[in-house]
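Q: Pasting a structure below so you can have a look.
The values are calculated or read from the model by the stated rules, or taken from the named source; none is laboratory data. A quick note: this is a predicted structure, and the numbers were derived from the prediction, not measured. Positions of Cβ are generated from backbone atoms using ideal geometry, with glycine treated the same way; all protein chains shown enter the neighbour counts. To get the accessible areas, we keep the full protein, side chains included, count just its heavy atoms, and leave off ligands, DNA and RNA. Shrake-Rupley method; radii C 1.70, N 1.55, O 1.52, S 1.80 Å.
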Amino acid sequence: MVSPDSTTLTARQVEVLELREAGHTQQEVAERLGTTDSNVSAIERAANTNVEKARKTLELVRTLRSPVRFTVDAGTSFDDLVDRVYTECDAAGTQVSYCRPELYAHLFGQLEPHTQRNRLETAVDVGVTREGDVTVFAPGR
């Protein structure tokens, strides 16, 4: 078993996730661990919540550590968002590692839950790393 010592997961959460990733059903995991399938379900749900929180934390830190950082207001169109990324990077002397269609797709893929009709519904923080990778942190994401 992988050691959870340096993670936000408990040993039991790691055990359940490993067994589920190996293809075992919740019932099989429950039998193997001597518990109920509803308990396995709760453990798996808690583990997935911890994983999602860790992912969001990494997004935030990566955005905060980016040399190019700015906030985009709610109501901004994706075309304007893409333009703003290039404008901010040009001003900072940072090269974006995406061509325009790739950047649009990258941003839309990250922000789709926060959009309606190609406009942001919430304000988001955008960062661009020294390598030109564009990161996005959307509160509540």
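Q: Are any residues in the stretch 41-70 in contact with a strand residue (DSSP E or B) (Cβ under 6 Å, 6 or more places away or on another chain) and either without any contact (Cβ under 8 Å) to a residue 24 or more places away in the chain or acidic (Asp, Glu) (or both), and if so, which ones?
A: Answer for the stretch 41-70, where residues must be in contact with a strand residue (DSSP E or B) (Cβ under 6 Å, 6 or more places away or on another chain) and either without any contact (Cβ under 8 Å) to a residue 24 or more places away in the chain or acidic (Asp, Glu) (or both): just Glu59.
Q: Name the one entry in Tyr104, Tyr98 that is over 29 Å from Val16 (Cβ atoms), assigned to a helix (DSSP H, G or I), in contact with an Asp or Glu (Cβ under 9 Å, 6 or more places away or on another chain) and not polar (S, T, N, Q).
A: Residue meeting the stated conditions: Tyr104.
Q: For the stretch 71-89, give me each residue that is in contact (Cβ under 8 Å) with a residue 40 or more places away in the chain, β-branched (Val, Ile, Thr) and either in contact with a Phe, Trp or Tyr (Cβ under 8 Å, 6 or more places away or on another chain) or surrounded by 13 or more Cβ atoms within 10 Å (Cβ to Cβ) (or both).
A: Within the stretch 71-89, Val72, Thr76, Val85 meet the criteria.
Q: Mind checking which residues of the stretch 57-70 are surrounded by 15 or more Cβ atoms within 10 Å (Cβ to Cβ) and outside any strand (DSSP E or B)?
A: Across the stretch 57-70, the qualifying residues are Glu59, Leu60, Arg62, Thr63, Ser66.
Q: Among the numbered criteria (1) more than 17 Å from Asp125 (Cα to Cα); (2) in contact with a helix residue (DSSP H, G or I) (Cβ under 9 Å, 6 or more places away or on another chain); (3) charged (D, E, K, R), which one does Glu18 miss?
A: (2) is the only condition that Glu18 fails.
Q: Could you tell me which residue of the stretch 90-141 is most open to solvent (accessible area, probe 1.4 Å), considering only residues that are more than 22 Å from Lys53 (Cα to Cα) and acidic (Asp, Glu)?
A: Ranking the candidates gives Glu131 first.
Q: Could you tell me which residue of the stretch 1-40 is least open to solvent (accessible area, probe 1.4 Å), considering only residues that are under 22 Å from Glu52 (Cα atoms), in a helix (DSSP H, G or I) and polar (S, T, N, Q)?
A: If we take residues in the stretch 1-40 being under 22 Å from Glu52 (Cα atoms), in a helix (DSSP H, G or I) and polar (S, T, N, Q), then Gln13 is least open to solvent (accessible area, probe 1.4 Å).
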